[in-house]
Amino acid sequence: LRQLAVCIEKMPFVKVIKSKSYFKRYQVKFRRRREGKTDYRARKRLTIQDKNKYNTPRYRFVVRITNKDVICQFVRALIVGDEVVCAAYAHELPRYGIPTGLTNYSAAYATGLLAARRLLTKFGLADKYQGQVEATGEDYNVEPLEDGPRPFKAFLDVGLVRTTTGHRVFACLKGALDGGVDIPHSETRFCGFDKEKKKLDAEVLREHIFGQHVAEYMNTMKDEEPQKYQEQFAKYVEAEVEGDDLEDLYKNAHAAIRADPSSKLTEKKVPEVQKRFHQVRRSLQQRKDRVRQRKEQIAKKLAAGAE
């Protein structure tokens, strides 16, 4: 027995057999955790409100970026679920003069600006908190009025993305800040922040806000590889947008967003012929005709067999 115990201690791999007690006490994780969609540790800290603030809502500025769209929402958490107070999408930008490139850094900034101006208009704060009207690239913090309502405050919710310096979610953040919403932040994640100097280069950030990094690439490719330019920037060519036009294009879009940030419902076109993906029910007369035709076919086959 002593030798057997020594052998068991020296065994490198021992299979762990989970007992009945383990499975009786096992508790499954939340569904969205199992699906890998929600970071509940972050969500708890973003949604839990102090008890002494009673039913005061705690707003989140939710930013999500897909392959074809940028989504900015102001959300508050309720017992029954999250409520979206205001939302803006990059696919709305063509209405403001940005025809294509709806997921780049400049479009992300414009979407954040649109969300902020739309929200403040809804709550009647648009005139009191104009934000930074001219985008200079400098860091901006909303200052509360002495004799007026406090600025609208929200907390950035980036989901599961890697919060790297220069990420487009921070372009949305910058747009919302310049739009006049108070969001706690630091300038370390904006495009143009120098990690060694620990300083934000406002000129670099301004160039990205107005699409100058795209314009430079467009002009270089147009001169060196015209064929590739026609393929890669086909949507820009179709919209007749040149690299040198981008700065004015985004400036005009920012002005148009501030002039009218309201959302407009799209007109749903009803197709002339409705598509049907299920078999249409036959009428009584059609069913009787079908039975008659089947009988005639069977009679013909029997007659042919008898001959």
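The values are calculated or read from the model by the stated rules, or taken from the named source; none is laboratory data. All values derive from a computational prediction rather than experimental measurement. Here the Cβ positions follow ideal geometry from the backbone for every residue, glycine too, while neighbour counts run over all protein chains shown. The area values use the complete protein model at the heavy-atom level, side chains included, leaving out ligands, DNA and RNA. Shrake-Rupley method; radii C 1.70, N 1.55, O 1.52, S 1.80 Å.
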Under 5 Å between amide H atoms, partner at least 5 residues away or on a different chain: which partners does LEU156 have, H built in plane at 1.01 Å?
PHE61
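Using a cut-off of 10 Å between beta-carbons, work out the net charge of the residues near LEU113 (Lys and Arg +1, Asp and Glu -1, LEU113 not included). Show your work: numbers first, answer last.
Details: positive: ARG117, ARG118, LYS174, ARG258; negative: ASP178.
So the surrounding residues net to +3.
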Antiparallel DSSP bridges in the stretch 50-161: what percent, to the nearest 5?
85 percent
One-quarter of the Cα convex hull surface for the stretch 68-117, in nm²?
3.7 nm²
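Stick to Cα atoms and the Kirkwood definition of Rh, then tell me Rg/Rh for the stretch 21-155. It would help to have the intermediate numbers written out before the result.
On the way: Rg = 18.7 Å, Rh = 17.6 Å.
The Rg/Rh ratio comes out at 1.06.
Can you check what the net charge comes to around ARG282, using other residues whose Cβ is under 10 Å from the Cβ of ARG282 (Lys, Arg +1; Asp, Glu -1)? List each step's numbers first, then the result.
Numbers: positive: ARG281, ARG287, LYS288, ARG290; negative: ASP289.
Value of the local net charge: +3.
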For P(r) over Cα pairs in 20 Å bins from 0, in percent, the choices are (1) 24, 38, 18, 16, 4, 0; (2) 25, 35, 28, 10, 1; (3) 22, 44, 25, 9, 0; which was calculated from the structure?
(1)
Label model pair ARG31, ARG95: point-to-point distance (7 angstrom along the Cα→beta-carbon line) in nm is 3.2 nm
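For LEU177, what is the net charge nearby, where nearby means another residue's Cβ is under 13 Å from its Cβ and Lys, Arg count +1, Asp, Glu -1? Let's see the in-between values first.
Numbers: positive: ARG117, LYS153, LYS174, ARG189; negative: GLU138, ASP139, GLU143, ASP178, ASP182, GLU187.
Local charge sum for LEU177: -2.
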Among GLY137, GLY180, GLY36, which one shows the biggest mean-square fluctuation in a GNM of the chain, springs joining Cα atoms closer than 10 Å?
GLY36
When the accessible area of the chain is computed with all protein chains present and a 1.4 Å probe, what percentage of it is carbon and sulfur?
51 percent
In straight Cα distance, which aspartates and glutamates are under 20 Å from LYS300, not counting same-chain residues fewer than 8 positions off?
ASP289
Check which residues have an amide H placed less than 5 Å from CYS86's amide H, if you skip close sequence neighbours.
PHE74
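When N is the residue count of the stretch 121-235, what does its C-alpha Rg come to as a fraction of 2.2 N^0.38 Å?
After normalising by residue count via 2.2 N^0.38 Å, the value is 1.32.
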Taking only protein heavy atoms and a 1.4 Å probe, what accessible area per residue, in Å², does the chain have with all protein chains in place?
72 Å²
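Ordering HIS91, HIS213, HIS208, HIS254 by accessible area with a probe of 1.4 Å, largest first, what comes out?
Details: HIS91 110, HIS213 65, HIS208 40, HIS254 15 Å².
Largest to smallest exposure gives the sequence HIS91, HIS213, HIS208, HIS254.
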Cα coordinate range in the stretch 110-180, projected on the principal axes (Å, largest first):
40, 25, 19
GLN230 versus THR165, label points 7 Å from Cα toward the beta carbon: distance in nm?
4.1 nm
Taking the Cα centre of each part, how many Å lie between the stretch 165-179 and the stretch 260-299?
49 Å
What does a probe at ASP50 reach in the stretch 59-75, counting residues whose amide N is under 15 Å from the point 7 Å along Cα→Cβ?
59
Please build a GNM for the chain, connecting alpha carbons under 10 Å apart, and tell me which residue among LEU200, LEU177, LEU265 fluctuates the most.
LEU265
Per-residue counts of other Cβ atoms within 10 Å, averaged by peptide: what ranking do you get for 227-236, 26-35, highest first?
227-236, 26-35
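Over 29 Å between Cα atoms, which of LYS53/LYS197; LYS153/LYS269; LYS53/LYS128; LYS37/LYS174; LYS122/LYS275; LYS198/LYS235 qualify?
Details: LYS53/LYS197 41 Å; LYS153/LYS269 39 Å; LYS53/LYS128 25 Å; LYS37/LYS174 25 Å; LYS122/LYS275 39 Å; LYS198/LYS235 38 Å.
Long pairs (Cα-Cα over 29 Å): LYS53/LYS197; LYS153/LYS269; LYS122/LYS275; LYS198/LYS235.
Relative contact order of the chain: what whole-number percent is it, with Cα pairs under 8 angstrom and at least 6 residues apart? Could the numbers behind the result be given before it?
Details: 380 pairs, mean separation 47.6, N = 307.
Computed over the chain, the figure is 16 percent.
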